[in-house]
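The values are calculated or read from the model by the stated rules, or taken from the named source; none is laboratory data. This one's a predicted model, so the numbers in the text were calculated from it and none came from an experiment. All Cβ positions, even for glycine, are placed from backbone atoms using ideal geometry, and neighbour counts span all protein chains on display. For the accessible areas, the whole protein counts, side chains as well, though only heavy atoms, and no ligand, DNA or RNA atoms are used. Shrake-Rupley method; radii C 1.70, N 1.55, O 1.52, S 1.80 Å.
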Amino acid sequence: MTAVADAPAQEIGRSRTRKEDQHLITGRTTWTDNIQIAGMLHLAILRSPMAHARIVSIDTTEAAARPGVIAVLTGADVADIQGTVPCAWPVTPDMVNPGHPSLAVTQVNHVGEAVAVVAARSKAEAQDALEAIDVDYEQLDPVLDMEAAVADGATLVHPNTTSNKSFTWAFESGAAGTGAPIEAALADAEVTVHRRFIQQRLIPAFMEPRSTVVEPIGDGVTIHSATQIPHIMRLMMALTLGIPEHKVRVIAPDVGGGFGGKIPVTPEEIITTMVARKLGRPCKFTESRSESIMSAHHGRDQIQDITITAKRDGTVTGLDVHLYADMGAYLRLVTPGVPVLGAFMFNAIYKFPAYRFVCDGVFTTKTPTDAYRGAGRPEATFAIERIMDELAVELGMDPMELRRKNWIKHEEFPFTTVCGLTYDSGNYEAATDKALALIGWDDLRAEQAKRRADNDPVQLGLGISTFTEMCGLAPSRVLGSLSYGAGGWEHAAIRMLPSGKVEVITGASAHGQGHETAFSQIVADRLGVAFEDIEIMHGDTAISHKGLDTYGSRSLAVGGMAIVRAADKVIEKARKIAAHLLEANEDDLEFSGGQFGVKGAPGSTIGIGDIALATFAAHNLPDGVEPSLDSDATYDPENFSFPHGTHLCAVDVDTETGMVTIRKYVCVDDVGTPINPLIVEGQVHGGLAQGIAQALFEEAIYDDNGNLTTGTFIDYTLPSAADLPSFVTDRTETPATSNPLGVKGVGEAGTIASTPAVVNAVIDALRPLGVKDVRMPCTPERVWRAIQEAQA
Amino acid sequence: MIPASFDYTRPSSVAEAVSAIGEAGEDAKVLAGGQSLIPVLRLRLSAPTTLIDIARIPELQGVTDDGDAILIGAMTTHHEVMRNALVCEHAPLIAQATATVADPQVRHRGTFGGALVHADPAGDLGAVALAMNCEFVAQGPAGERRIRAADFFVDYLTTALSADELLTAIRVPKTPAGWSTHYEKFNRVAQAWAIVGVAAMVRRENGSIAEARIGLTNMGTTPLRAAAAEQALAGVDVSAGAIAAASSHAAEGTHAPSDLSGQADYREHLARVLTRRAVLTAVGV
């Protein structure tokens, strides 16, 4: 037996650099596009230059004759086998889903839609051949404006529908029994404020373009793809293409970012699989950045009509929300569910007695939308945090005072909200007080007053966002009540190897989050083994046979808990063997630091690694015990988790040019117990960059013909580190009571919280000039025009 | 994406390059630093038959002293230009404006001559070349000629260079004592093109502005001089009020574009504000 090692130091709470970073950052790894298979063909996809048109004819003769070309396929060639790109979230029983061909057959409904595919011996030959395909289109009117799209007599996006409305999803607290009737709140309001906010369209812009390599093997198929959802894809690909599920293996190799952008099963994945099976050859498709921008799904794009009611003393009495949510041309995996997820977050941290939410999902001739970092929750948080500021102005109250008056106090948890969610824990007072002190709020307010008095051309604005979000997607029964097509559990397995090393298999497949490090820290503490002795395996359905993948800040709160349960099962079995080997009673054993010891008998111990070896040798096991030390666990959360925090932003606004510069950004997040504070900080920084980008920089813009004019990174303005301030981040730690780890999730917090903090700051700077709102992104030109209009 | 196929040649001297340009005909393109051309090729917006790569021609590299001027080789990278001692001493406006071009990666590959000959009106260096009265040195089959900056920029992405000519160097008059300069760039994010930029050269004499030269970036199909503002500035006191009043003429005679980065009226407004700021900064007020 091996020597007894010292118990390792506590791993949970330790700021470790990530074990996966070296291969990810150097790129010496299996990015999908790095995969080479003998005999592999390369695909190129011809995309529609039209927003809305009938396909009259496609002539592929010349393209098929080009050098190196093996096949050219159009939608007509695969119409019988391609099925429809799956949507797993029929949010209402009468939701209209017109179907989503991977390759357009009779009509194109957005610029960038796939029309034909070329398979060639090289990527260059495939791309050259695209230019020889001749498509004759009959142009139709584009459908671009959501309100016009649902008006009488509007051009229909899809000829097989009677309206451009896909669904109306509604919730009302009086009817649901979770609160008072909204109509009474509206009728009795002492103060009513209404605003319309526009959530612009955003492009997820993950770093690694989407890429898929499909290997047909026998009557089965192995799909390597840069996806967030290998497990869901396996099932969906089986259902879509009629391949028996057990003949489909999906591998998500290292994946370079997703932000929700790699959540759906994509047309390109289906096309690559169809072509590979049809030709019996491995095929690779890797998109260009231009293709990614126009054909990978977009995010946000809502018109939000928000009405808030209150008493004169500032007590909120009701919130009435109507959304138009742009589905784009088609429904992808969770397209309709994104705004519905937001429905539960508009009331945020506040005690609204009455609430109504109505969302119309609308088809347009634009790229489909789907989940983008935060998915429904950033939209909701923006609306409530913006209108709280507007209400404060209407009441003549300090915006933070208004929030304090209405938020759930720390002693009131657990608290059941007006939409029926039970927030388990939180301390909004603590996070807010810390943030106010860190930014030097009172000094900034004094400086602001001085600059206003001096008529300084550069005005100072202060913005607040006191937010919460629902993470840890999700209790399966809740998803069932929302008509989602799957559950919200996660699976884990642990395999103790004879040498004492540990393999951990998780269904939560990472695409940059740091799972391998954080999960290793959890297992190290739980099993008392060294961090370095743990291997986290994921992203291959042949290794991780079940799982529900990575999105919605679920990996730690759900996937991490599955790992804890699996570890506990290993310990449970090891305890039986330890008792046998130590000739002690199981009940007399204690397990600590990887060692089983007999209570009251120091020196009589055995390590878990030695027990693993004992199960391998199997020379001396208790009767009836199988020779293995492995476990499986599937964890279904009982509740969501609810991270929260207070984000404060100070901006300088140059009133001559309209330029907004963030001077200071402070956030205090409460994500529960941090497993790895360094990863938490990294997630917050990245999230802030994306949330600030929505406030100030990014917008996908279509012209009047439905062309995406922001088709490159020259026109789609992504900020870089040079455009962002040095963030001041801090935490409060109120452990979640809904899971034993006390974790809440952090993947989306920065994105959700930051957008309204920045816009509130911009408006705060300009309010003395008469400006009440600026559409996002608050570009210098928009800010300048808002000032001109207010002064006119 | 992958560019359409093309022939590639890499001459090792200016003479070889000029004959290669002549032989390749009008569908050839000269490849300098590639920071504009390669994206255009990859997007398949252009499909030249031949690329003539001038990266390895020693005569096109570096900065030399030429008496009352400095000569900047067309293939000198932005990174080299902004750090070059001759440029920093005799043409600080060029050093300062070059430091605002795109991002460090682009500045390490992109070239001074390449950016100017691409003649994108949103590029920063055209306005500077105009304000500094630079001369463009071109080599063709018939020999060398010099083109004044005022004559060089003909139209959008179009210069006075003939199809058979190669830009070899830019002759930059040394900024004389008594002049002060500033480049004021306005863009949304660090690596973006200028929405508007203003290159200002100002000569002070006895507490007033004796002479001003103002170059404008992205206020028309070519870089422009703000002639009305230059006239208005000449002779005014070095005071914030007087400079502001004179700068209010900065957009006169311009033809600002309207695009995703800004409508024409906003650009005109910016030209006035930025001219004022550029001049004030140049004179240290």
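Observations, loosely collected:
- Sparsely packed loop sites in the range B:153-223 (the chymotrypsin sites (Phe, Trp or Tyr not before Pro) outside DSSP H, G, I, E and B with at most 16 other Cβ atoms within 10 Å) comprise B:156.
- Computed accessible area, residue A:663, all protein chains, 1.4 angstrom probe, square angstrom: 100 Å²
- Per-residue SASA entry for residue A:772, accessible area with 1.4 Å probe, Å² rounded to 10: 130 Å²
- For the range A:319-385: relative contact order, % (alpha-carbon pairs under 8 angstrom, 6 or more apart): 51 percent
- Solvent-accessible surface (1.4 angstrom probe) belonging to residue B:252, in square angstrom, nearest 10: 90 Å²
- Taking 23 Å as the limit for the C-alpha separation, the pairs A:165/A:366; A:278/A:546; A:450/A:664; A:284/A:366; A:311/A:405; A:311/A:434 exceed it in the case of A:278/A:546; A:284/A:366; A:311/A:434.
- Against the rule of thumb 2.2 N^0.38 Å, how large the Cα Rg of the range A:246-400 comes out: 1.38
- Alpha-carbon gyration tensor eigenvalues x 5, square-rooted, for the range A:621-777, Å: 42, 21, 14
- The range B:1-66 and the range A:713-766: distance between their alpha carbon centers, rounded to Å: 45 Å
- Along its first, second and third principal axes, ordered by size, the range B:7-57 spans 31, 20, 13 Å in Cα coordinates.
- 10 °C / 1.306 mPa s Stokes-Einstein diffusion coefficient of the range A:298-358, Kirkwood radius on C-alpha pairs, µm²/s: 122 µm²/s
- Working value for the range A:1-148: equivalent-ellipsoid semi-axes of 44, 27, 15 Å, each the square root of 5 times a Cα gyration tensor eigenvalue, largest first.
- Shape summary of the range A:344-465, radius of gyration then Dmax from alpha carbon positions: 17.9, 50 Å.
- Proximal lysines relative to residue A:19, as straight alpha-carbon distance under 20 Å, when same-chain residues fewer than 8 apart are discounted: A:501
- The angle separating the long axis of helix B:264-283 from the principal Cα axis of greatest extent in chain B is about 70 degrees.
- Each semi-axis of the equivalent ellipsoid for the range A:539-608 is √(5λ) with λ an eigenvalue of the Cα gyration tensor; in descending order they amount to 34, 13, 9 Å.
- The residue A:198 and residue A:616 beta-carbon pair, evaluated with R₀ = 45 Å, returns a calculated FRET efficiency of approximately 0.10.
- Per residue, the average separation of C-alpha pairs within less than 8 Å and at least 6 apart gives chain A a relative contact order of 15 percent.
- Alpha carbon Rg of the range B:1-141, scaled by the compact-globule rule 2.2 N^0.38 Å: 1.06
- Normalised Debye scattering of chain B at q = 0.06, 0.08, 0.12, 0.13 Å⁻¹ gives log10 I(q)/I(0) of -0.19, -0.33, -0.73, -0.85, counting only Cα atoms as equal scatterers and leaving out solvent.
- Computed over the protein assembly as shown, the range of Cα coordinates on each principal axis works out to 99, 75, 71 Å, biggest value leading.
- Helices assigned as whole DSSP H runs in chain A whose Cα atoms extend at least 20 Å along their own long axis and whose mean Kyte-Doolittle hydropathy is -0.5 or higher are found at A:377-395, A:561-582, A:677-696, A:749-766.
- In the range A:390-517, the ratio of gyration radius to Kirkwood radius, Rg to Rh, stands at 1.16 when only Cα atoms are counted.
- With every protein chain in place and a 1.4 angstrom probe, the accessible-area ranking of B:1, A:294, A:388, largest first, reads B:1, A:294, A:388.
- Radius, Kirkwood style, for the range A:165-304 when every pair of distinct Cα atoms is counted (Å): 18.2 Å
- Binning the alpha carbon pair distances of the range B:176-274 at 5 angstrom intervals from zero yields the distribution 3, 14, 24, 24, 16, 11, 6, 2, 0, expressed in whole percent.
- Label-point separation in nm, residue A:701 to residue A:40, each point 7 Å along Cα→Cβ: 3.9 nm
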